[in-house]
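Single-structure report; data block below.
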Amino acid sequence: MEVFYSQAINSCRYTIKCIPDSNARQKISDINIQMVPESKANWAEDAHGNRYIFGCNPEPHSYFKFRLTGKAECGNSSYDCEATENEIMLFRHSHGMTVPGPKIKEYYQNIYDSTEGFDQMKPVDKAILMMNRLYNEFKYEKNCTCVNTSAEEAMELGKGVCQDYAHILISLLILAGCSARYVTGLIIGEGESHAWVEVVNEGKWIGIDPTNNMVVSDSHIRIGCGREACECQINRGIMHGGGDQMQRISVSVIEKKSIQEVM
């Protein structure tokens with residue numbers, strides 16, 4: 001991540017939340033963090049257990065860069081972690097950008113009415129059913145929504161990006177009585193960060209990727225979670241000065257075969 005300022009910043013306090021943690025499905029190792037300008041970073045966790053670093057750049061600067069590298073061994077389990085009772089209750093209610101409006105409620109009712117035995121289905125099966133519908137009826141298109149676009153607004157447009165797919169699916173799952181949350185992460189290839197959904201099924205968080213119409217597997221690296229996208233923002237800060245700013249984020253995930261696969 002790089003941030004360019006048209007004028008020098010006198011000082012800046014930052015929070016960076018893009019550090020994966022190990023769980024049942026993934027094992028993270030060899031984490032290395034570099035920053036320009038250099039500063040002492042402190043480690044912490046937010047209310048959802050997401051790891052982040054925070055610090056201060058007190059000297060004037062017109063450029064800020066953050067680089068994170070590491071290794072991820074994924075696909076060790078079919079689920080990410082076990083769900084606590086508090087999580088099950090918290091993520092059963094819509095919040096902010098996932099609150100459903102008339103369009104999403106109508107869409108959900110159509111799915112419900114056209115699916116025999118819907119109430120008896122497991123949460124993960126409901127998620128897969130609704131994911132399939134959304135994937136086939138919602139269009140992926142960049143630059144038609146923004147970070148503040150709600151699930152209802154995206155549904156009215158009928159198109160959007162991974163954030164919109166995730167918000168809509170969360171809204172639908174909660175209408176179906178499931179506990180669901182927003183997840184940020186990385187996938188194999190080069191580009192930007194990605195977003196998907198986790199749903200509680202038999203006491204465990206299962207990842208569902210509606211943008212790619214798939215259950216999360218060894219191609220996904222999980223970073224953090226929240227009730228909506230704004231609770232998973234990669235970087236936030238307070239600065240003095242700086243004028244206009246431009247941000248650039250790039251992601252590269254390279255797959256390496258194990259020794260056993262090579263042999």
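Some points to look at:
- Listed pairs K71/K142; K17/K126; K17/K40; K103/K204; K204/K256 exceeding 20 Å between Cα atoms: K71/K142; K17/K126; K103/K204; K204/K256
- Computed FRET value (nearest 0.05) for F54 with K139, which takes r as the C-beta separation and R₀ as 45 Å: 0.75
- Which of S77, A44, Y107, positive extreme of dipole for the stretch 42-117 (C-beta unit charges): A44
- Loop-resident sites, the stretch 25-121, for trypsin sites (Lys or Arg not before Pro), counting at most 11 other Cβ within 10 Å (DSSP): K40
- Answer label, with Rg and Dmax of the Cα atoms in Å calculated from the coordinates and candidates (i) 19.5, 63; (ii) 17.9, 55; (iii) 18.8, 60: (i)
- For the stretch 85-232, the relative contact order works out to 27 percent when only alpha carbon pairs closer than 8 Å and six or more residues apart are counted.
- Estimated 222 nm signal from helices in the chain, with DSSP H stretches of n ≥ 4 weighted -39500 (n - 2.57), rounded to 500: -6500 deg cm²/dmol
- Tensor-based shape of the stretch 85-232 (alpha-carbon gyration tensor, a/c under 1.5 rounded, otherwise prolate or oblate): rounded
- Charging the Cβ of each Asp and Glu at -1 and of each Lys and Arg at +1, and nothing else, the dipole of the chain about its Cα centre rounds to 520 debye.
- Taking 7 Å steps out from each Cα toward its Cβ at N148 and S6 produces label points 1.9 nm apart.
- Multiplying the residue separation of V36 and E255 by 0.36 nm and removing their Cα-Cα distance gives an extension gain of 76.1 nm.
- Taking GluC sites (Glu not before Pro) in DSSP loop states with no more than 15 other Cβ atoms inside 10 Å as exposed sites, the chain has its longest site-free stretch at 39-115.
- Within the stretch 85-232: Cβ-based charge dipole about Cα centre, in debye rounded to nearest 20 (Lys, Arg +1; Asp, Glu -1): 40 debye
- Farthest towards the positive end of the charge dipole of the chain, among the residues G158, Y5, I53, is the Cα of Y5, using unit charges on the Cβ of Lys, Arg, Asp and Glu.
- Residues of type aspartates and glutamates that K65 reaches as a straight line, Cα spacing below 15 Å, ignoring anything fewer than 8 places off in the same chain: E2, E38
- GNM remark for the chain: springs join alpha carbons under 10 Å apart, and the peak mean-square fluctuation among T145, T15, T115 falls on T115.
FYI, it's all coordinate maths here, none of it is from the lab. Note that the structure is a prediction, hence the values are computed from the model and not measured. Neighbour counts run over all protein chains shown; Cβ positions are idealised from the backbone, glycine included.
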